[in-house]
Amino acid sequence: MDSYTVIARRWRPKRFEDLVGQESVVKALTNAITSKRIAHAYLFVGPRGTGKTSTARLFAMALNCENGPRLDYDPESERCQAIFQGRSMDVIEIDGASNNSVEQIRSLREECQYAPAEGAFKIYILDEVHMLTTAAFNALLKTLEEPPAHVKFIFATTEIHKVPNTIVSRCQHFEFFPLETSVIEQHLKRIVTTEHLQAEDKALHVIAELAEGGMRDAQSMLDQLLTFSKGVLTEADVRSMYGLLGEKELEALADAIELSDYGNVLKGISAIIDAGCDPYRVLLELEKIFHDKLLKSIENKDTVRYVPLVYAKILEILKAGEEKLQKGLSVKSNLESILFRAIECTKWVSLDVLLQALNNLPEDVKKNDLKI
C-alpha cells in the first residue's frame, strides 16, 4: 500500500518561480546567482510556514546542480532530487533545536574543512538557529569570520532577536513576510483545481485567514479538512472544525457591540460557549470586522456608525483582551468583560459628533450660540 504524501510536501516548490509571496527574496537570490555575487552566509528571518527552508533548498539546488551555480537547473536530476529530499552529502540540514551544543558546532567546524563530494559547495542549512547556546554561537563565529571558500551557510530563524548581533552582522539578511490572505487563497484554489478536489471559495478564504500569513499552515489545514468533509469542502465544515462562529452570528455580535446592546452581547457569548466555538478565534474575527469598519470610517463611507476614533478604541480593547482570554481561568466572564469594555468605547461618539456638528454650523449661528 502506497503511503500518503501530505499536500504541504507535494506542493513544496522545486523552482524559484514556484515560491509564492516572497518576490523580493527571490529577486535578490536569483540576481546573486546570475551575477556570481554569492555570499558565504545568509540569514532568513520570518514567521513559520513562509518559505524559509524551502528557499534554502532552492538556493542550494541552484548552487550545487550540475554545472552550477545556475538558475536553469533540472529539479528532477539526481543531484537536485538528493538536495530536495534532504539526502545530499554536500547539503547538510541541521535542526538548531536538537543540535545546539558547542560540541556539535565544533564538529561542524571540523567537517566543513573537507571539500564537497559532488557539487561546487558544501552548504549548511541551520534551521531555528536562535536555539543555539551562547557557547555554540561563539564556536560558530570564527568559522563565519574566515570560512573555507567552498562553504556556504544558510541560517533560518523565527526569532531574530535571539540571534547575537555578531552573527547577524556577518550574514546577508533576508526578511520573509507573512503572506497576504488573497495570495494564500489563490494558491489553495490552484491546489484544489490541479488535484481535482472540491471546495467552496468561501471555505478556502476562511482557511487562508486562519493561516495568518503561513502557507504551510494553510496547506496543512486544507489537508485535514478534506479528510474531515464529505464531498465538497464547505465554509460550514471549516467553521465547525476550528470552532468558529458563523458569519451571520459574528456580524450580529458586532452590531450588538455598536448598538450598546448588552442583552444581545450576553446572548451571543452564551451561544459561543454552548456551540463549543473557540472564544479566542471569535475575538480575532471581531477584530477583523472592526478593522474593516475603521478603514471605512476613515474613507468617510456611510455604511458605518461612528468616527474613526471609536473604532480605533474598540480595536484597542479587543487586541488587549487576547492575552486575558488565553490565560484567564473563566473564559466566559473574561469575554463578557472584554466586549462590555468595547461597548463603552461607543460613548466616545457623543463628544465627537457634537464637535463635528458645531464645526459645520454657519458662522452667524455659531456667533449667536456662543453668546448664549
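Within region 24-66, name every residue whose backbone N is under 20 Å away from a label modeled 7 Å from Cα of E118 along the Cβ vector.
Answer for region 24-66: 54-66.
If R0 is 25 Å, what FRET efficiency do you get for K248 and K301 from their C-beta distance, rounded to 0.05?
0.70
For R57, R87, R109, what ranking results if the residue with the fewest other Cβ atoms within 10 Å of its Cβ goes first?
R87, R109, R57
Once you charge only the Cβ atoms, +1 for Lys and Arg and -1 for Asp and Glu, what is the size of the charge dipole of the chain about its Cα centre, to the nearest 20 debye?
700
Within the chain, what's the longest run with no chymotrypsin sites (Phe, Trp or Tyr not before Pro) in a DSSP loop and at most 12 other beta-carbon atoms within 10 Å? Give the range, please.
Formally, the longest exposed-site-free interval is 115-372.
Under a plain spin-label model, where a point goes 7 Å from the Cα along Cα-to-Cβ, how far apart in nm are T193 and R48?
Placing both labels 7 Å beyond Cα along the Cβ direction yields 3.1 nm.
Pick out, from I317, Y114, G231, the residue whose Cα sits farthest towards the positive end of the charge dipole of the chain, with +1 on the Cβ of Lys and Arg and -1 on the Cβ of Asp and Glu.
Checked the options; the winner is Y114.
Starting from 0.36 nm per residue, how many nanometres of slack lie between E23 and N264 once their C-alpha separation is accounted for?
82.2 nm
Here are some values of Cα extents along the principal axes in Å: (i) 70, 47, 41; (ii) 89, 58, 41; (iii) 98, 57, 37. Which one was computed from this structure?
Step by step, Cα extents along the principal axes in Å for this structure corresponds to label (ii).
Only counting other Cβ atoms within 10 Å, I'd like T34, T303, T346 sorted with the fewest neighbours first.
Going from least to most buried by this count: T303, T34, T346.
Using a cut-off of 10 Å between beta-carbons, work out the net charge of the residues near R12 (Lys and Arg +1, Asp and Glu -1, R12 not included).
+4
Could you give me D for region 7-175, from Stokes-Einstein at 4 °C and 1.567 mPa s, where the hydrodynamic radius is the Kirkwood radius over C-alpha pairs? Units µm² s⁻¹, please.
Once the numbers are plugged in, D ends up at 81 µm²/s.
For a footprinting-style exposure proxy, rank S54, S77 by other Cβ within 10 Å, fewest first.
By the 10 Å Cβ count, ascending: S77, S54.
How many angstrom lie between the Cα centre of region 85-136 and the Cα centre of region 1-62?
Each part's Cα centre sits 18 Å from the other's.
Could you name the lysines in cross-link range of K36, using Cα to Cα under 29 Å and dropping any fewer than eight places away on the same chain?
K14, K27, K52, K122, K142, K152
Pick out, from N138, L339, G49, the residue whose Cα sits farthest towards the positive end of the charge dipole of the chain, with +1 on the Cβ of Lys and Arg and -1 on the Cβ of Asp and Glu.
Positive-end residue among those listed: N138.
No value in this document is a laboratory result; all are computed from the given coordinates. Bear in mind that the values here come from a model prediction, so they are computed numbers and not experimental data. Every residue, glycine as well, gets a Cβ built from its backbone with ideal geometry; the counts of neighbours run over all protein chains shown.
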